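The values are calculated or read from the model by the stated rules, or taken from the named source; none is laboratory data. Given the structure is predicted, the values throughout are model-derived calculations rather than measurements. Note that each Cβ is placed from the backbone with ideal geometry, even for glycine, and that neighbours are counted across all protein chains shown. Accessible surface areas use protein heavy atoms only, side chains included; no ligands, DNA or RNA. Shrake-Rupley method; radii C 1.70, N 1.55, O 1.52, S 1.80 Å.
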Amino acid sequence: MQDINWKEIEEKLKDTLDEERFRHTLGVSYTAAAIAMAHGYDVQKARLAGMLHDCAKSVPKEKRIPMCEEYGIEVSECEKENTGLLHSKLGVMIADRIYGISDEEILGSIRWHTTGRPEMSILEQIIYIADYIEPNRDTYLEIPAEIRQYAFSDLDRCCAMIMKRIVGYLGSSSKKKDEMTEKACDYYCTLTGI
Ligand SMILES: [Fe+2]
Ligand SMILES: [Fe+2]
């Protein structure tokens, strides 16, 4: 992996993200590193992907769509309605241009961390899961211990469990579901039989 200036990345993120988001970012980073250890995956790569996964959260709401237009990023109908979803696509662009990340696996994990997708790579699964289970989530979301345990033993099952909860939650709210969220959920629930 490329040489990483952790201090510089951390300081840049601290300057651009609000305090809560920065705390979450560190939580995802060390949780991703721990999950990587359990699965024999590259720990530093998982740590870095976790650090950067929400780097575009600093882009103000009103600038998200214009910024996508500027960089030729396609915006779906669902993303137009819920621009929060765009921080995944914008995150890829910012990780690449501002943080100098060229690793396709890391960029992929940023791209898919919000909705997931069928057949995710190991790193995509690690970041998707770490984003959901990192310890700071406990302040507003009840996460069953079982989900956290599966993160360290069965990535597919853990993804399926998280996706099922998210799809269930979105179904009961007025928020429009990104179609990839449902596709990913169907795929992992079928794969693991849950
Ligand atoms: Fe995010
Ligand atoms: Fe996040």
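Descriptive notes on the structure:
- Residue list for the stretch 78-119, filter: part of a loop (DSSP other than H, G, I, E, B) and open to solvent by less than 20 Å² (accessible area, probe 1.4 Å): 101, 113, 115, 116
- Residues of the stretch 40-90 satisfying the condition of being more than 15 Å from ligand 2 (Cβ to nearest atom), among the hydrophobic types (A, V, I, L, M, F, W, C) and in contact (Cβ under 8 Å) with a residue 60 or more places away in the chain: 78
- Residue check for residue 171: away from ligand 1 (no atom under 16 Å from the Cβ), out of contact with any strand residue (DSSP E or B) (no Cβ under 8 Å at 6 or more places or on another chain) and modelled with pLDDT under 95: yes
- For the stretch 155-194, filtered to residues that are touching a residue at least 12 places away in the same chain (Cβ under 8 Å), out of contact with any Ser or Thr (no Cβ under 8 Å at 6 or more places or on another chain) and outside any helix (DSSP H, G or I), the residue that is nearest to residue 43 (Cα to Cα) is 194.
- With respect to (1) within 23 Å of residue 123 (Cβ to Cβ); (2) surrounded by 14 or more Cβ atoms within 10 Å (Cβ to Cβ), the lone exception for residue 44 is condition (2).
- Tabulated pairs, the stretch 4-32, first open to solvent by 50 Å² or more (accessible area, probe 1.4 Å), second within 13 Å of ligand 1 (Cβ to nearest atom) and among the basic types (Lys, Arg), C-beta under 6 angstrom, 6+ apart or interchain: 21/57
- Total residues in the stretch 168-183, condition open to solvent by 50 Å² or more (accessible area, probe 1.4 Å) and among the acidic types (Asp, Glu): 2
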